[in-house]
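Here is the structure we will look at.
The values are calculated or read from the model by the stated rules, or taken from the named source; none is laboratory data. Small disclaimer: the values here were computed from a predicted structure and weren't measured. With ideal geometry, Cβ positions are generated from the backbone for all residues, glycine too; neighbour counts draw on all protein chains shown. Heads up: the accessible areas ignore ligands, DNA and RNA and are worked out on the full protein's heavy atoms, side chains in. Shrake-Rupley method; radii C 1.70, N 1.55, O 1.52, S 1.80 Å.
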Amino acid sequence: MPNERCRVLMVYPRFNAGSFWNYKATCELAGALHPAAPLGLITVAALLPTAWEIRLVDLNTEELAEENLGWADLVMTGGMLPQQEGTLAIIEQSRMHRKPVVVGGPDATSTPHVYEAADFLVLGEAEEIMAGFVSAWRSGARTGVFKSEMGKTDVTKSPTPRFDLLKFERYLHVGIQFSRGCPFNCEFCDIIELYGR
Ligand code: B12
């Protein structure tokens, strides 16, 4: 689509302070601001049309400047359970600026009712869903719930994440994916429900 413009502001929500397994002390020792980079959002970024402009703000390492919200046509956010409060705050802030907000990721997929205030919900693995979202957005949709109709993602078809959007020096480690789901049965974990084996 020539001349198409869409400015996407990706915001990685803040984790609850003091949440378990947050590597806070390790980050201090190593001089990092946060343990892990937002691999979900940069994977979603790689699934969007190349003509769309993308900015990434990780609220675990920086503040969200008002200017970024003013710039955006669309806000994308989401993460895991300890980021729920942070995600809800981003939804509220985006709505105050009258910016449509898309929420996705593991917590929205597990408990979509919590995120009803979002304009769009993307539930499940984004690889199978974003093309449908993009075509709905292009045809003028400004609300909707998008789910994968095609079953589980073939991880070999997941694009290389947009690592260029990261400020590497801020993180303790940057993950890469080599599988989805899990072969084990740990009782505390619902990953098999989310992404299968
Ligand atoms: C690596 C990992 C960790 C690491 C790094 C964590 C971090 N801060 O990044 C460690 C080991 C530290 C960790 C710890 C915890 N984790 Co963890 N972790 C994972 C794991 C194995 C992979 C996450 C990942 O990077 N995946 C790769 C990316 C590409 O996938 P993704 O983020 O899911 O993104 C895809 C979609 O969800 C979607 N998507 C994601 N975001 C968005 C946003 C938008 C707008 C859209 C459209 C789509 C979208 O698109 C992507 C491509 O398909 C998952 C399980 C799994 N196999 O997915 C659990 C998982 C995310 N963790 C989970 C939990 C609960 C925790 C802990 C709270 C556990 C605990 N009890 O302490 C802690 C919290 C840590 C903290 N305070 O930071 C849960 C979250 C469940 C939920 N309902 O939110 C998961 C799903 C495992 C599970 N089922 O139990 N974790």
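Across the range 160-188, the number of residues qualifying as modelled with pLDDT of 95 or more and more than 10 Å from the ligand (Cβ to nearest atom) comes to 10. Tell me whether the range 85-94 contains one or more residues that are touching a residue at least 60 places away in the same chain (Cβ under 8 Å), under 30 Å from residue 24 (Cβ atoms), surrounded by fewer than 18 Cβ atoms within 10 Å (Cβ to Cβ) and within 14 Å of the ligand (Cβ to nearest atom). Checked against the condition, which is being touching a residue at least 60 places away in the same chain (Cβ under 8 Å), under 30 Å from residue 24 (Cβ atoms), surrounded by fewer than 18 Cβ atoms within 10 Å (Cβ to Cβ) and within 14 Å of the ligand (Cβ to nearest atom), the range 85-94 yields at least one hit.
Only residues that are part of a loop (DSSP other than H, G, I, E, B) and surrounded by 17 or more Cβ atoms within 10 Å (Cβ to Cβ) were counted across the range 3-19, and they come to 4. Residue-level check: of (1) within 22 Å of residue 95 (Cβ to Cβ); (2) within 11 Å of the ligand (Cβ to nearest atom), residue 21 misses just (1). Kindly indicate whether any position in the range 127-149 is within 17 Å of residue 10 (Cβ to Cβ) and not hydrophobic (A, V, I, L, M, F, W, C). Yes, the conditions are met somewhere in the range 127-149. Could you grab me the full set of residues in the range 178-197 that are open to solvent by less than 100 Å² (accessible area, probe 1.4 Å) and in a loop (DSSP other than H, G, I, E, B)? Within the range 178-197, 179, 180, 181, 182, 183, 186, 189, 190, 196 qualify. Across the range 147-177, the qualifying residues are those that are farther than 15 Å from residue 127 by Cβ and part of a loop (DSSP other than H, G, I, E, B), and the one among them that is most open to solvent (accessible area, probe 1.4 Å) is 176.
Could you please find all residues in the range 95-110 being within 7 Å of the ligand (Cβ to nearest atom) and open to solvent by 40 Å² or more (accessible area, probe 1.4 Å)?
Taking the range 95-110 first, the residues within 7 Å of the ligand (Cβ to nearest atom) are 102-107, 109-110.
Matches in the range 95-110: 106, 110.
Pairs meeting the criteria (first residue in the range 42-63 and under 12 Å from residue 5 (Cα atoms), second residue open to solvent by less than 30 Å² (accessible area, probe 1.4 Å), beta carbons under 6 Å, at least 6 apart or on different chains) are 52/6; 52/8; 54/8; 54/45.
The condition (being open to solvent by less than 30 Å² (accessible area, probe 1.4 Å) and of a type in the set (Ser, Thr, Tyr)) is satisfied by just one residue among 43, 50: 43.
Mind listing whichever residues of the range 114-146 are part of a strand (DSSP E or B) and loosely packed, with under 14 Cβ neighbours inside 10 Å? Let's see the steps before the verdict.
Going through the range 114-146, the residues part of a strand (DSSP E or B) turn out to be 120-123, 144-146.
Matches in the range 114-146: 145 only.
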